[in-house]
Amino acid sequence: MTERRPRGLHEQTVEALATRILADEWPEGAVLDLPTLRQELDISLTALREALKVLSAKGMIGARQKHGTFVQPRSRWNMLDADVMRWQIAAAEDSSLLDELSEVRAVVEPAAARLAATRATPEDVAALEDALLRMADAGSDVDAAVRADLLFHRRLMAATHNSFLVRMERIIAIGLAERDRIVHSTPAAGDPVPNHRAVLTAISTGDPAAAERAMLTLITQARTDATQARP
């Protein structure tokens, strides 16, 4: 997977601050020296405050009068925020968070596949077929394989026609992308097409029970592959 890079100065500043927090350079409760930090990052105080607003909205930073800007305890962080999850996975020294995200997939995606089998339109089925073809065409191209896999699962969520499940795709994609990066970077990576094909077949034929079973089989295999691929 091609690692997401912050595009502009604002995003770069947000990423730099988050990285320091995740590295425990600023532990829970630490008060930030904004003038010094502004000089270190070589940005205006306004730009720094705008970046801190982003982290505040994610629950990572707080501010109190006469106390200053400080790091919030992790219990206050918005764990469902895609950036917060991505930062934590990048900083984690173990696979616990990735395992938790995999558990979320196992709870959500089989049920989503079941629902998609009852609601998918011909256009949804064609979109899933397109994603599967891209997966088959990716071959040994890791980035292409990851993009195709994410596309398939994104389109499956869209096929549920449930706005909340569509939003869940953003959460699932974080764990899925990291799993794919690990698995597809190993020489022994298996062919992902057959398991995905089974899900698509069940959805296209309107078989909810088969779609649920096929997705559970896919996720179980995905977890096994990731465990075997980890160093």
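The set of residues in the range 5-30 that are open to solvent by 80 Å² or more (accessible area, probe 1.4 Å) and within 25 Å of residue 73 (Cβ to Cβ) comprises 19, 24, 25, 28. There is no residue in the range 85-94 that is more than 25 Å from residue 152 (Cα to Cα), aliphatic (A, V, I, L, M), open to solvent by 60 Å² or more (accessible area, probe 1.4 Å) and without any contact (Cβ under 8 Å) to a residue 40 or more places away in the chain. Answer yes or no: is there a residue in the range 53-68 that is surrounded by 15 or more Cβ atoms within 10 Å (Cβ to Cβ), in contact (Cβ under 8 Å) with a residue 40 or more places away in the chain and in a helix (DSSP H, G or I). Looking for residues that are surrounded by 15 or more Cβ atoms within 10 Å (Cβ to Cβ), in contact (Cβ under 8 Å) with a residue 40 or more places away in the chain and in a helix (DSSP H, G or I), one finds at least one in the range 53-68, hence yes. For the range 69-78, a residue qualifies if it is in a loop (DSSP other than H, G, I, E, B) and surrounded by fewer than 15 Cβ atoms within 10 Å (Cβ to Cβ), and the qualifying residues are 73, 78. Residues in the range 1-29 that are at pLDDT 90 or above, touching a helix residue (DSSP H, G or I) at 6+ places or on another chain (Cβ under 9 Å), small (Gly, Ala, Ser) and assigned to a loop (DSSP other than H, G, I, E, B): there are none. Exactly one residue out of 176, 115 is touching a Ser or Thr at 6+ places or on another chain (Cβ under 6 Å) and crowded, with 18+ Cβ neighbours inside 10 Å, and it is 115.
When residue 109 is tested against (1) among the acidic types (Asp, Glu); (2) over 30 Å from residue 210 (Cβ atoms); (3) in a helix (DSSP H, G or I), only condition (2) is not met. Within the range 185-226, if we keep just the residues that are crowded, with 18+ Cβ neighbours inside 10 Å and among the acidic types (Asp, Glu), the residue that is farthest from residue 148 (Cα to Cα) turns out to be 212.
What are the residues in the range 192-231 that are over 19 Å from residue 175 (Cβ atoms) and among the polar types (S, T, N, Q), if any?
Pass one, the range 192-231, residues over 19 Å from residue 175 (Cβ atoms): 193-194, 197-198, 200-214.
Once the filter is applied, which keeps residues that are over 19 Å from residue 175 (Cβ atoms) and among the polar types (S, T, N, Q), the range 192-231 yields 201, 204, 205.
The values are calculated or read from the model by the stated rules, or taken from the named source; none is laboratory data. On a predicted model such as this, the values are computed, not experimentally measured, just so you know. No Cβ is skipped: glycine too gets one built from the backbone with ideal geometry, and neighbour counts run over all protein chains shown. Calculation scope for accessible area: heavy atoms of the full protein, side chains included, ligands and nucleic acids excluded. Shrake-Rupley method; radii C 1.70, N 1.55, O 1.52, S 1.80 Å.
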